[in-house]
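Take a look at the structure set out below.
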Amino acid sequence: MNNPVIPVLALDGPSGSGKGTIGQIVALKYGWHYLDSGAIYRGLAWLAHQKKVASDDVSGLVALADAMTLVCHVRENDVAQIEINGQIITDELRSDDAGQMASEIAPIAQVRAALLKMQRRCLKAPGLVADGRDMGTTVFPNAEYKVYLTASAEIRAKRRFDQLKSKGFDVNLARLLESIQARDVRDSSRAESPLKPAEDAIVLDTSELSIDEVVTRILNLID
Ligand code: DC
């Protein structure tokens, strides 16, 4: 369970709600660590693909998860740099394929249990911004600050489109929207840690808010 003396901001919400951008700004502001939990699921999916472990090979996935190390390097004005097993694989993880496979392995209870330990090990002084779908509900239920960011599927698809486009990926907005909607359904309806706000979370719809406005609301909450 998380240590109550180390502050945690649990930033939950679906893909494209702004968690990554907002979470990193807050982490930089306070000098806190940052955990991109989506990168853990994407990283495991990527590793499984590399090692030819199938997405339904539970013991193979758990063995990969148990041996996996992850470091999230916070960057200003960019997605966090992700280091898995000592290798920087940030851009590979952002692809829509990695996201899809992550969403397929994420409902497996044994996989989530293996990754839960790794996520709790990220809790270190002076504080942690934990970004993901189940940070406030499951991983850090005692987090001092809990915010659930959301936005319409159309806005989230457009944000992801712009992000991938700027990285040189060849993307199609309509297909991204479909994939986000399919992922929302899968993430919300699964039995293990479904996507939903913690009962004590503040819900912020970022569809009509600028990044600065969202950051200001969160800083006000913490200060
Ligand atoms: O936030 P993201 O798109 O990087 O997440 C990729 C997938 O990983 C998402 O479809 C579901 C899964 N995931 C999860 O189940 N729990 C988390 N805390 C983070 C991500």
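The values are calculated or read from the model by the stated rules, or taken from the named source; none is laboratory data. As the structure is a prediction and not an experimental result, all values here were calculated from the model. Positions of Cβ are backbone-derived with ideal geometry, glycine not excepted, and every protein chain shown enters the neighbour counts. To get the accessible areas, we keep the full protein, side chains included, count just its heavy atoms, and leave off ligands, DNA and RNA. Shrake-Rupley method; radii C 1.70, N 1.55, O 1.52, S 1.80 Å.
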Discussion item. Out of the residues in segment 70-111 meeting the condition of being in contact (Cβ under 8 Å) with a residue 24 or more places away in the chain and polar (S, T, N, Q), tell me which one is farthest from ARG159 (Cα to Cα).
Written reply: GLN110
Worksheet item: Has segment 173-181 got any residue that is open to solvent by less than 20 Å² (accessible area, probe 1.4 Å) and of a type in the set (Ser, Thr, Tyr)?
Response: yes
Worksheet, complete the sentence: In segment 132-172, anything aromatic (Phe, Trp, Tyr), buried (at least 23 other Cβ atoms within 10 Å of the Cβ) and farther than 21 Å from GLY43 by Cβ is listed as TYR148
Response to the item:
Those residues of segment 199-223 which are hydroxyl-bearing (Ser, Thr, Tyr) and open to solvent by 90 Å² or more (accessible area, probe 1.4 Å) amount to none
Worksheet item: In segment 58-104, how many are within 18 Å of ARG186 (Cβ to Cβ), surrounded by 20 or more Cβ atoms within 10 Å (Cβ to Cβ) and at pLDDT 95 or above?
Response: 1
Fill in: Residue among SER207, SER179 that alone is away from the ligand (no atom under 16 Å from the Cβ) and in contact (Cβ under 8 Å) with a residue 12 or more places away in the chain
SER207
